[in-house]
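Coordinate-derived values only; no laboratory data. As the structure is a computational prediction, the values presented were derived from the model and not from experiment. For neighbour counting, all protein chains shown are included, and Cβ atoms are generated from backbone atoms with ideal geometry for every residue, glycine included.
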Amino acid sequence: AQSVTQLGSHVSVSEGALVLLRCNYSSSVPPYLFWYVQYPNQGLQLLLKYTSAATLVKGINGFEAEFKKSETSFHLTKPSAHMSDAAEYFCAVNSDTGRRALTFGSGTRLQVQP
Amino acid sequence: DAGVIQSPRHEVTEMGQEVTLRCKPISGHNSLFWYRQTMMRGLELLIYFNNNVPIDDSGMPEDRFSAKMPNASFSTLKIQPSEPRDSAVYFCASSLPSANTEAFFGQGTRLTVV
């Protein structure tokens, strides 16, 4: 079985500050990991994905994430928050065995204060 | 490509009525997913299809829910009879069949059952 846990349902940062959104995964086989962003009244949009190539993955809008197998983590970071980053962020996992559909975490709502 | 297209965007219906949600996946995508999003339960996979065949419907809440994919370019999710607890945002997503590829989401259908 595969699952992800996102620590912190709400995160608030000041504009220009570091953004760190946490994701830990559980998978019995090598996982594929994804971060999605959801703006109000919108669908989910892919930010970045890890598919067993480079462990540091760069995505859109200045976001990046690092796959750490020893910590079973895939945390999302951005060096400097912008007001437009305010949204909900979802971590998701998939694998080559079992159910081949994304399993999502519970989401983290990011607020950016001026 | 226009992306994944869902209709309607909003649906308000009375308890007991039949509701049909529609989805057109991205051309060339072999996998199609229906997710439900609520505040309480987050994003839940209801069912997914590969090459128009339902592969995993273990997430379908009960017999009131049914999904079909009569061809590669169209899918429906039907609720009959609808209940207030079915109120949620329903997302359709499509992808290539590999587990390391991302799913592309539609804008969602916001269903309100009164």
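Could you work out, residue by residue across A:100-107, how many beta carbons of other chains sit within 10 Å of that residue's beta carbon, and then give the average as an integer? Each step should come with its number before you reach the end.
On the way: counts 9, 14, 10, 3, 6, 2, 3, 3.
Mean inter-chain Cβ contacts per residue within 10 Å come to 6.
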*Phi-based couplings in Hz for segment A:6-13 (Karplus 6.51, -1.76, 1.60; Gly and Pro marked x)*: 9, 8, x, 7, 9, 10, 10, 9
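Using only the Cα atoms of chain A, build the gyration tensor, take square roots of its eigenvalues as a ≥ b ≥ c, and label the shape rounded, prolate or oblate: rounded if a/c is under 1.5, else prolate if a/b is larger than b/c, else oblate.
Working: a/c = 1.99, a/b = 1.66, b/c = 1.20.
Because a/c hits 1.5 or more and a/b exceeds b/c, chain A counts as prolate.
Based on the mean of other Cβ atoms within 10 Å per residue, sort peptides B:41-47, A:101-107, A:89-95 so the most packed one is first. Each step should come with its number before you reach the end.
Working: B:41-47: 18.0, A:101-107: 22.1, A:89-95: 24.3.
Going from most to least packed, we get A:89-95, A:101-107, B:41-47.
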*If you average the sequence gap of Cα pairs under 8 Å that are 6 or more apart and divide by the length of chain A, what percent do you get for the contact order?*
38 percent
*Convert each backbone phi in segment B:67-80 into a coupling constant with the Karplus relation 6.51 cos²θ - 1.76 cosθ + 1.60 (shift: θ = phi - 60°), then list the ³J(HN,Hα) values in order as whole Hz, x for Gly and Pro.*
9, 9, 9, x, 8, 5, 10, 7, 9, 10, 10, 10, 10, 8
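Within 10 Å, count the other beta carbons around each residue, average over each peptide in A:9-18, B:28-37, A:62-71, and list them highest first.
Details: A:9-18: 13.1, B:28-37: 21.2, A:62-71: 15.1.
For the peptides A:9-18, B:28-37, A:62-71, the packing ranking is B:28-37, A:62-71, A:9-18.
Counting only other chains, what is the mean number of Cβ atoms within 10 angstrom of the Cβ of each residue in peptide A:36-44? Provide the component values of the computation, followed by the final result.
Details: counts 4, 0, 6, 0, 0, 6, 3, 14, 11.
Average per residue, whole number: 5.
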*Where Lys and Arg each count +1 and Asp and Glu each count -1, what net charge lies around A:Gly105 among other residues with Cβ under 13 Å from its Cβ?*
+1
*From the residues B:Val53, A:Val37, B:Trp34, which one has its Cα farthest along the dipole of the protein assembly as shown in the positive direction, the dipole being from +1 and -1 charges on Cβ of Lys/Arg and Asp/Glu about the Cα centre?*
A:Val37
*How large is the charge dipole for chain A, taken about the Cα centre, if only the Cβ atoms of Lys, Arg (+1) and Asp, Glu (-1) carry charge, to the nearest 20 debye?*
240 debye
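Answer rounded, prolate or oblate for segment B:8-110, using the Cα gyration tensor with square roots of eigenvalues a ≥ b ≥ c: rounded when a/c is under 1.5, else prolate when a/b is larger than b/c, else oblate.
Numbers: a/c = 1.77, a/b = 1.63, b/c = 1.09.
Note, shape of segment B:8-110 comes out prolate.
Could you tell me which of the pairs A:Lys49/B:Lys68; A:Lys49/B:Lys78; B:Lys24/B:Lys78; A:Lys58/B:Lys24 are separated by over 21 angstrom between their Cα atoms in the structure shown?
Numbers: A:Lys49/B:Lys68 30 Å; A:Lys49/B:Lys78 32 Å; B:Lys24/B:Lys78 15 Å; A:Lys58/B:Lys24 30 Å.
Beyond 21 Å: A:Lys49/B:Lys68; A:Lys49/B:Lys78; A:Lys58/B:Lys24.
Mean separation of Cα pairs under 8 Å and 6+ residues apart, divided by the residue count of chain B: what relative contact order is that in percent? Intermediate results must be reported in sequence, preceding the final value.
Numbers: 288 pairs, mean separation 42.1, N = 114.
Over chain B, the number comes to 37 percent.
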*Could you please report the charge total around A:Gly16, scoring K, R as +1 and D, E as -1 over all other residues with beta-carbon less than 12 angstrom from its beta-carbon?*
-1
*asked:* Please list 3J(HN,Hα) in residue order for segment A:106-112, calculated via the Karplus relation 6.51 cos²θ - 1.76 cosθ + 1.60 where θ = phi - 60°; whole Hz, with x for glycine and proline.
replied: 7, x, 10, 8, 9, 10, 10
_Test item: Cα-centred dipole of segment B:37-114, Lys/Arg +1 and Asp/Glu -1 on Cβ, debye_ = 200 debye
*Take every residue in peptide B:103-113, count the Cβ atoms of other chains within 10 Å of its Cβ, and give the average of those counts.*
3
